[in-house]
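The values are calculated or read from the model by the stated rules, or taken from the named source; none is laboratory data. The structure displayed is predicted, hence computed values, not measured ones. Don't worry about glycine lacking a Cβ; one is built from the backbone with ideal geometry, like all the others, and counts go over all protein chains shown.
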Amino acid sequence: MRFWCSALEVPWTWGWRAYPGVWAASLAIAVPYLMARRRERSMRIQPLDPAEAATQGRQRWLFLAGVAAFWVASDWPLGVLGAGYLASAHMVQFMLYTLVAAPLLVLGVPEPMARKILAKLRLYRVMTRLTKPVAAGVVFNACLVATHSPWAVDTLRANQFGSFVMDLIWLVSGVLVWLPICSPLAEHRLRSYPAKMVYLFLALGVVPAVPAGFLTFAGFPLYATYELAPRFYGLDAATDQQMAGLIMKLGGIPIVWGTIIAMMMRWADESRASSPAAAEGPRG
């Protein structure tokens, strides 16, 4: 039994495989969070008001949805397909980690918990520097390019520990790139909506399109792992790689542009609410 999904040099079958490391990692994320929320609730003297209770409930569901996305990306069948059969499945994993699981986990952490974690791990100063927009964007895209290089894919996907490291890098870098947008700590977030939109467009929209172009238009397979893998229902390696490039290039558009449009709408609402005409109210 393997603890994490890695390349298998056997023909693909739909026979279920157990990966206890994935379950343990999912529980290691979810259980401490739920215990901390329960402990916080039990220590309160006064009951929560309805608005605060609704906020906490929403945060809890967002965090658990992030854990679920992490589990889906890591476990059978997607984790197995991405680790050793299909470059396109590998790219779907990347998108789930960085564009779904990571922002949901960030949105689910309340401010007091975030401060307590950073204080306990003594990471506040480090995170203050890493959450600067330039630093967060550079680190994320450096991880993106490095983990999609042929050497990294063929080396790390060949064994369980290496495949685990790759998935962990994706999740951590994904969390980092979203912190300037939606960090629980106000001092780690960009203040203006235009700055957030520009940052999001560059960090998650423009730069990833470069490696995506290499994958889409390369004249030969770049990854030996997927080129030499047993074929998945006859899908050839070149077509699979082109699909992976298109997924990287186009897969994030709904999330990135959906977030940008949502920020534009909120910015417009706040601008109207703070305008002099709105402040004066209707004239009698």
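Side notes on the structure shown:
- Those helices (runs of 4 or more DSSP H) lying entirely in the range 175-283 with at least 2 residues exposed (fewer than 11 other Cβ atoms within 10 Å of the Cβ) and either out of contact with any Ser or Thr (no Cβ under 7 Å at 6 or more places or on another chain) or not hydrophobic (A, V, I, L, M, F, W, C) (or both): 253-273, 276-280
- The selection criterion, being closer than 29 Å to residue 265 by Cβ and either at pLDDT below 95 or charged (D, E, K, R) (or both), holds for residue 212.
- Qualifying residue in the range 124-147 (condition: small (Gly, Ala, Ser), in contact with a strand residue (DSSP E or B) (Cβ under 9 Å, 6 or more places away or on another chain) and without any contact (Cβ under 8 Å) to a residue 60 or more places away in the chain): no
- Inside the range 14-32, residues that are free of Cβ contacts under 8 Å to residues at least 12 places away in the same chain and farther than 30 Å from residue 113 by Cβ make up a count of 1.
- Residue that is modelled with the highest pLDDT [pool: residues in the range 14-56 that are outside any helix (DSSP H, G or I) and under 19 Å from residue 157 (Cβ atoms)]: 19
- Among residues of the range 42-70 that are farther than 30 Å from residue 97 by Cβ, those with a beta-carbon under 9 Å from a residue that is of a type in the set (Lys, Arg) and part of a helix (DSSP H, G or I) at least six positions away or on a different chain give the pairs 48/41.
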